[in-house]
Amino acid sequence: ADITQRLAEDGFKLNEVLQQVLTTMQRALHLQRVVLCLRDARSDTLIGRMALGAGGMQACKPFVIPLREQPGAPVDLFAAVCRKGVDTVISDTTRGDMASRLPAWYRSSVNAPSFLLLPLTLRGAPLGLIYADAAKPGALAPQERELALLRALRNQVVMAFRQSGS
């Protein structure tokens, strides 16, 4: 409700809205880290731009996600999720062969055992990604009601971008 009210105000500050959404997610789900990635049009990649939690803003650095498929390169789960616009929860990366499906950049730097991906799309094209993780396997397994609230927060981010003209 606070975020909706802020969006309704004249001259809201986009960064403040983004910070408020990430803070709300982190506190509500007791997340280890939350990272907001945004599309860089020149390179057609998503790049970490804002982070809260473990590692602070340094947590953004590994997040460079190519949106175009690279011929001969392994499929990047993060890129595929963003291209398709599909919300994804990986509750336990330590089970089965899940770790082998994760991109090398992720395994070598972040490697959280439980995470959530909420792609941001605008006019059918990838705009960004909200990444959130937990420190223990299985710790991030939101129920449908919680997922609906997370999606509402994600939609407020998209609405903030739309309203700001960014």
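The values are calculated or read from the model by the stated rules, or taken from the named source; none is laboratory data. Treat the numbers as computed from the prediction; the structure is a model and nothing was measured. Glycine gets a Cβ as well: all are built from the backbone with ideal geometry, and neighbour counts include every protein chain shown. Side chains are part of the model used for accessible areas, which takes the heavy atoms of the whole protein and leaves out ligands, DNA and RNA. Shrake-Rupley method; radii C 1.70, N 1.55, O 1.52, S 1.80 Å.
For the reader, a short list of remarks on this structure follows.
Per-residue answers, yes or no, for (1) within 15 Å of the chain's Cα centre (by Cα); (2) among the hydrophobic types (A, V, I, L, M, F, W, C); (3) not in a helix (DSSP H, G or I):
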{"site": "46", "(1), (2), (3)": "yes, yes, yes"}
{"site": "57", "(1), (2), (3)": "yes, yes, no"}
{"site": "70", "(1), (2), (3)": "no, no, yes"}
{"site": "75", "(1), (2), (3)": "no, yes, yes"}
{"site": "82", "(1), (2), (3)": "yes, yes, no"}
{"site": "86", "(1), (2), (3)": "yes, yes, yes"}
{"site": "89", "(1), (2), (3)": "yes, yes, yes"}
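- Pairs linking a residue in the range 137-166 that is in contact (Cβ under 8 Å) with a residue 12 or more places away in the chain and over 18 Å from residue 38 (Cα atoms) to a residue that is among the aliphatic types (A, V, I, L, M) and surrounded by 14 or more Cβ atoms within 10 Å (Cβ to Cβ), with Cβ atoms under 6 Å and 6 or more positions apart or on different chains, are 140/116; 140/134.
- Residue satisfying all of: in the range 91-111; in a helix (DSSP H, G or I) and of a type in the set (S, T, N, Q); farthest from residue 146 (Cα to Cα) among these: 108
- Residue count, the range 74-90 (criterion: over 15 Å from residue 48 (Cβ atoms) and open to solvent by less than 50 Å² (accessible area, probe 1.4 Å)): 7
- Residues (crowded, with 19+ Cβ neighbours inside 10 Å and hydrophobic (A, V, I, L, M, F, W, C)) located in the range 118-140: 118, 120, 127, 129, 130, 132, 134, 140
- Residue pairs meeting the criteria (Cβ under 6 Å; at least 6 apart or on separate chains; first under 15 Å from residue 125 (Cβ atoms), in the range 77-91; second open to solvent by 50 Å² or more (accessible area, probe 1.4 Å) and modelled with pLDDT of 90 or more): 85/121
- Matching residues, the range 23-44, being under 15 Å from residue 146 (Cα atoms) and either assigned to a helix (DSSP H, G or I) or in contact with a Phe, Trp or Tyr (Cβ under 6 Å, 6 or more places away or on another chain) (or both): 24, 25, 26, 27, 28, 29
- Matching option when the condition is closer than 25 Å to residue 111 by Cβ and at pLDDT 90 or above, among 79, 73: 79
- Among the residues making up the range 93-113, those that are touching a Pro at 6+ places or on another chain (Cβ under 6 Å) and either buried (at least 17 other Cβ atoms within 10 Å of the Cβ) or within 19 Å of residue 66 (Cα to Cα) (or both) are 93, 105, 109, 110, 113.
- No other residue among 29, 7 is among the hydrophobic types (A, V, I, L, M, F, W, C) and under 17 Å from the mean Cα position of the chain (by Cα) apart from 29.
- Given (1) more than 17 Å from residue 39 (Cβ to Cβ); (2) modelled with pLDDT of 90 or more; (3) touching a Ser or Thr at 6+ places or on another chain (Cβ under 9 Å), number of the condition residue 99 does not satisfy: (2)
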